[in-house]
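Visitor: Structure in structure tokens, see below.
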Amino acid sequence: MKKLGAMVMVAVSAFAMVGSVASDAKACGGEWVPAVEIDHRPEGIARAEKTLKKGEHAAAAGMIIRMMPHVKDLKAKKDGTLVARAQRILALAVARNNGALPIDKELPSYVQGTWIGKTSKDKAANLEWSVAALRKLNDIKKDDAAVQSDLAEALAKVEKHRAEAKEILEKLAQKDLVATPEAYATLAELRSAAGDSEGQKVALKRCESMAKSANVCRAAA
Amino acid sequence: MTRPLVLSLALTLALASGCKKKHEGASPEAHPSATGAAPSAVQAGPTTPDPPRLAGDAERGRSLVEKFECSRCHGGTGLAASPFEKHCITCHQDIWNDKFKAKPDKIEKWKKTVQLYLNAPNLEAAGARYEPAFIQAFLLRPHKLRPNMISSMPRLRISDQEAADVAAFLTKGEKPAAEAPVGDEAAGRQVLESKACGTCHVFTGVPDLPVKPTLTKPWQKGNDAIELAPDLRFVRDRMSFGMLTRWLLDPTKVRADTLMPKMGLSEKESKDAAAYLLKAKLAPAPKKPIPTRLPVLERKVTFEEVEKEVLLKTCRHCHTNPDIARGDGGPGMTGGFGFVPRKLDFSTYESTNGGLLDLKGERMSVFTKTKDGTPLLVASLLARQKEEAGELDPELRGMPLGLPALSAEQVQVVESWVAQGRPQ
């Protein structure tokens, strides 16, 4: 019994010591603030999506590369994840800039990689990556007209994939499922290249009625 | 019945569009909102429900209650309540009462949406309170039963037989005895007035009760009784004389946790009140006028405006990206309440243009022209306005489902945006 009493005493005094240490710490520097790491990427990616929508492709791409310098090597397992969204932004930005992102002034050289597209080889590699990334998204999100529109846009930038791009867009257009003005601009350009000027006009008109800025459709006119 | 109707519709439309030039001719396909199980007489008014009176199978009904996920909104279905993340009412009430764990700005934003769905009637002891034929008819042709509630029973994809089966399960196969109402109607009216039944109930079709319900806030504790109180003109569709007198005498004996108070009526008073409720001459049901369709606007309408005025207010609750809605994109996206996933996502401009799956699983545009040339999205909004006026389109489910129809001005915004080629 005496032994038990002594053990309780020891426990109580140890507890009291812990308490006093804590209050001493408080006395010499205010509250202890735990370091919490905040993931800013969800907000950053949402901002990049808005930037892309505004037509500022290179700026959107820059935001992604700054947040995820290794984005190229990441694997999106599910649609809607940060990686999937980041890759979509970057892939579209690359395609809309024909494989060469003018980001040399805003990003340090060690993260620029091949994105600037200095050589035609780099440009081609960038565009192939863009196609591959959007293909992967298309595989994840089956039968999604918005993803298919994006993919077709990227495919149209690579000569060997242009027929596939046209096939996708024609199918979507037939069902009124072309999701973006950029995809309509692509379709107009593909139809024009195929000698279908009537079809080009129709697609162009759709692009113009959808787009916020006439610039989006200008290249296909 | 579903397949032949949809297939014939698809075939008709396919033939009609067969000669179209291929460019951008949005090819209309099987109507996505075709119920496939259309009620035979769609025009029947709510007070004359014309119940099909099919014999229901309670066992089948049980699995249908599961399929239609009745327990996501209603208590007392006979099945376990849905888990929290699936239970609409519990989750909405938590948000409304600041009990939901989320950032305060999010809570404030969500409150604007959830205030539309904060209550649903409890179905406990349904057999002692509702005629099976009423449940059957109501499931097929839901209408505004509770005037103080914003939301109402959604129009499910349900056949006559399925409705009868659900009714059989909920009423536990009870067959109410046909009893002719006996009682003094004039005295019954006096009972309703002296007991201030009008505090919670309205009774359309008879002279106004002296007191009227007042709801100061959309939902708060203490207001539930007013929100859930049905319009008394529908009592005759819902209850037999025997049911009603028992209910009026002591509602807690019928359902222990009912919000209907025991009014301390004598047997005679309850019979008189029941006689008045069941036999009082009713003026025709007040018909909500169908708003006049407004012409398309000449000024530019952008997606931003459509999003702010319409999509964010109602549509996104059932049609959104599951990744930003805890995995559940809503019944119109990922499925639920007996609806198959239609993958219609209004969360972005691109996804809105990306369309939905038709009943064959083929992607189609939500702007596909319906028979009269109206884009499907607009037609669905107009169909809801007609539903509120008692006109159910057998081929098209009105949207928003179970919520008040959009105003003529809101529909005009959507229609103008579509007509202008859907500008960003």
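Visitor: So for A:THR180, B:THR334, B:THR258, what's the accessible-area order with a 1.4 Å probe, most first?
Guide: B:THR334, B:THR258, A:THR180
Visitor: Can you tell me, using C-alpha contacts under 8 Å and at least 6 residues apart, the relative contact order of the stretch B:80-147 as a whole percent?
Guide: Numbers: 27 pairs, mean separation 17.4, N = 68.
Computed over the stretch B:80-147, the figure is 26 percent.
Visitor: OK, next. Given a 1.4 Å probe and every protein chain left where it sits, what share in percent of the accessible area of chain B is carbon and sulfur?
Guide: Of all accessible area on chain B, carbon and sulfur atoms account for 57 percent.
Visitor: Based on alpha-carbon positions alone, could you give the equivalent ellipsoid semi-axes of chain B from the gyration tensor, as √(5λ), descending, whole Å? Can you show the working numbers first?
Guide: Details: eigenvalues 308, 115, 90 Å².
Computed over chain B, the values are 39, 24, 21 Å.
Visitor: Based on C-alpha coordinates, I'd like the Rg and Dmax of the stretch B:361-406, in Å.
Guide: Radius of gyration, then largest Cα-Cα span, for the stretch B:361-406: 10.8, 33 Å.
Visitor: Keeping every protein chain in place, order B:GLU298, B:GLU307 by accessible area at 1.4 Å, biggest value first, i.e. largest first.
Guide: If we order B:GLU298, B:GLU307 from most to least accessible, we get B:GLU298, B:GLU307.
Visitor: Tally Lys/Arg at +1 and Asp/Glu at -1 over every other residue whose Cβ is under 9 Å from the Cβ of B:VAL206; what's the total?
Guide: Every neighbour counted, the sum reads +2.
Visitor: Output needed for the stretch A:92-221: three equivalent-ellipsoid semi-axes, defined as square roots of 5 times the C-alpha gyration tensor eigenvalues, in descending order, whole Å.
Guide: 26, 17, 13
Visitor: Short version: ³J(HN,Hα) in whole Hz for each residue of the stretch B:143-160, in order, from phi by Karplus 6.51 cos²θ - 1.76 cosθ + 1.60 (θ = phi - 60°), x for Gly and Pro, what are they?
Guide: Along the stretch B:143-160, the couplings run 9, 6, 9, 10, x, 8, 9, 6, 7, 9, 4, x, 7, 7, 8, 9, 8, 3 Hz.
Visitor: Would you check the accessible area of A:ILE64, probe 1.4 Å, heavy atoms only, in square angstrom rounded to 10?
Guide: So the heavy atoms of A:ILE64 present about 0 Å² to solvent.
Visitor: Heavy atoms of the protein only, probe of 1.4 Å, neighbouring chains included. What is the accessible area of B:VAL202 in Å², nearest 10?
Guide: Here the accessible area works out near 40 Å².
Visitor: Another one. Would you pull out the residues with amide H under 5 Å of B:PHE100's amide H, same chain only if 5 or more places away, H placed 1.01 Å from N?
Guide: B:ILE95
Visitor: Excluding ligands, DNA and RNA, what is the accessible area buried between chains A and B, summed over both sides, using a 1.4 Å probe, to the nearest 100 Å²?
Guide: Looking at A and B, the buried total is near 2400 Å².
Visitor: Could you state the accessible area per residue of chain B in Å², with a 1.4 Å probe and every protein chain left in place?
Guide: 46 Å²
Visitor: Please give the Cα centre distance for the stretch B:186-213 versus the stretch A:177-193, rounded to the nearest Å.
Guide: Spelled out, the Cα-based centre of one part sits 64 Å from the other.
Visitor: Given all pairs of different Cα atoms, what value in angstroms does the Kirkwood hydrodynamic radius of the stretch B:73-143 take?
Guide: 14.0 Å
Visitor: Then there's this: For B:ARG363, which sequence-distant residues (separation of 5 or more, or a different chain) have an amide H within less than 5 Å of its own amide H, given hydrogens modelled in the peptide plane?
Guide: B:ASP358
Visitor: Also, quick follow-up: Once amide H atoms are placed 1.01 Å from N in the peptide plane, what residues at a sequence separation of 5 or more from A:ALA220, or on another chain, have their amide H within under 5 Å of its amide H?
Guide: Sorted by chain and number, the residues that satisfy this come to none at all.
Visitor: Enumerate the calculated ³J(HN,Hα) couplings along the stretch B:253-260 in order (Karplus 6.51 cos²θ - 1.76 cosθ + 1.60, θ = phi - 60°), each rounded to whole Hz, writing x wherever the residue is Gly or Pro.
Guide: For the stretch B:253-260, the Karplus curve yields 6, 8, 9, 4, 9, 5, 8, 6 Hz.
Visitor: By its C-alpha gyration tensor, with a ≥ b ≥ c as the square roots of the eigenvalues, how is the stretch B:202-282 shaped: rounded for a/c under 1.5, else prolate for a/b larger than b/c, else oblate?
Guide: In terms of gyration-tensor shape, oblate.
Visitor: Can you give the longest run of chain B that contains no trypsin sites (Lys or Arg not before Pro) sitting in a DSSP loop with at most 13 other Cβ atoms inside 10 Å?
Guide: B:102-220
The values are calculated or read from the model by the stated rules, or taken from the named source; none is laboratory data. Just so you know, these numbers come straight off a predicted model, no measurement behind them. Note that we place each Cβ from the backbone using ideal geometry, even for glycine, and neighbour counts take in every protein chain shown. Only protein heavy atoms, including side chains, enter the accessible area calculation; ligands, DNA and RNA are left aside. Shrake-Rupley method; radii C 1.70, N 1.55, O 1.52, S 1.80 Å.
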